[in-house]
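Engineer: Have a look at the structure that comes next, please.
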Amino acid sequence: MQKITAQAHSNIALVKYWGKKDAGLRLPRNSSVAIALDEAYTLTTVEFDEKYLEDDVELIGEGFEEDEKDKVKKHLDRVRAMAGITTKAKVVSQNNFPKSAGMASSASGFAALSMAAVESAGLKLSEREMSVLARNGSGSASRSIPGEVSVWYTAETDEESYAERISFPDNWKVKVLLVMAEDTSAKKISTTDGMAMAPTSPYFVHAVKEAELNIERLKEAMSLGDWSAFGKVIEDECYRLHTICMTQTPNILYWRGVTIEVFQGLYRLREQGLEAFFTVDAGPHVHIITKDEDVAKVKAELAKINGIKKVIECGVGPSAHLVDNHLF
Ligand code: PMV
């Protein structure tokens, strides 16, 4: 069996996923929409071969925790079951961004692992089938298979819950600025553990319906090329996710002072006529959705704020794909 390397890009949700209808299959309560990030990706090399007596799994640099290794091996089991093989594999993975950067390494990680493992096992899957497989490793990974701007559908069955690209106005020249907070003092709560408690929020049932409406609003804004309406949905979605988090039991407050300082910086710019928008996932870091032409002004505003460790500038990332630079 061949040695195969895949590259998959991280993504940031514009309409958020928080809560599952089937935890085992990772079927989400609502559909979601995300944008892939060109500067944040994972490379993963997989080789299934009889010479390996056990699965050998490594993350270059930071290393995997034991539970992360187990998740990777479980994912290899899914691929082995599909291919009807029992062969063990060597897996070496590398992120071009730190895990602590607040970008979903599980999204790019499970997308790259799925693609490399499938090809190494000699399977041929459609993009949709690959997205379904990636979803089983990590929900947000389903969206890193199609990349660009994609919608991941909620569904009742495994094979119907996948992500696909949707059209996006090219002339917007979108940039995503990842604003890394220095303060990461919040106790790390995994997204799996966090969203398991989402139904305890008194607002959850309503919030799930709201997400579906927000996908329609977002698609309409994109089809009309209405940047202001697009940004309003993004920020509504940020507040929707964090309203659930803050009101579930136990309550989760992912934001830090700097998170709100960045929101306020963007509100100040808006008063001056510059429209850049914020969104935040399960951590204190802010992702700013802006246009290429406004990046310098947004960065100048950020420079006035204390507590920012780093700003990483990304464009829209591609779909997961095979590359030749093997990691072993
Ligand atoms: O699939 P996970 O475990 O990476 O969860 C993603 C959860 C959020 O990032 C908070 C929202 C989302 O839709 O990506």
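Here, each number is a calculation from the coordinates, and none is a lab measurement. All of these numbers come straight from a predicted model, not from anything done at the bench. A quick note on method: Cβ atoms are made from the backbone with ideal geometry, for glycine too, and the neighbour counts reach across all protein chains shown.
Engineer: Angle check, please: helix 204-224 long axis (alpha carbons) against the longest principal axis of the chain (alpha carbons), in degrees 0 to 90, nearest 10.
Structural biologist: 80 degrees
Engineer: Residue 156 versus residue 304, label points 7 Å from Cα toward the beta carbon: distance in nm?
Structural biologist: For residue 156 paired with residue 304, the spin-label model returns 5.4 nm.
Engineer: While we're looking at this one, here's another question. Quick one: pull the percentage of alpha-carbon pairs in the range 170-314 with a separation above 20 Å.
Structural biologist: 51 percent
Engineer: Let me ask something additional. Mind pulling up the Rg/Rh value for the chain? Radius of gyration and Kirkwood radius, both on Cα.
Structural biologist: Here the Rg-to-Rh quotient is 0.97.
Engineer: Could you sort 269-279, 33-43, 252-262 so that the peptide with the highest average Cβ count within 10 Å comes first and the rest follow in order?
Structural biologist: Result, highest mean first: 33-43, 252-262, 269-279.
Engineer: Given the Cα-Cα distance of residue 206 and residue 268 and 0.36 nm per residue of separation, how much length would full extension add, in nm?
Structural biologist: 19.2 nm
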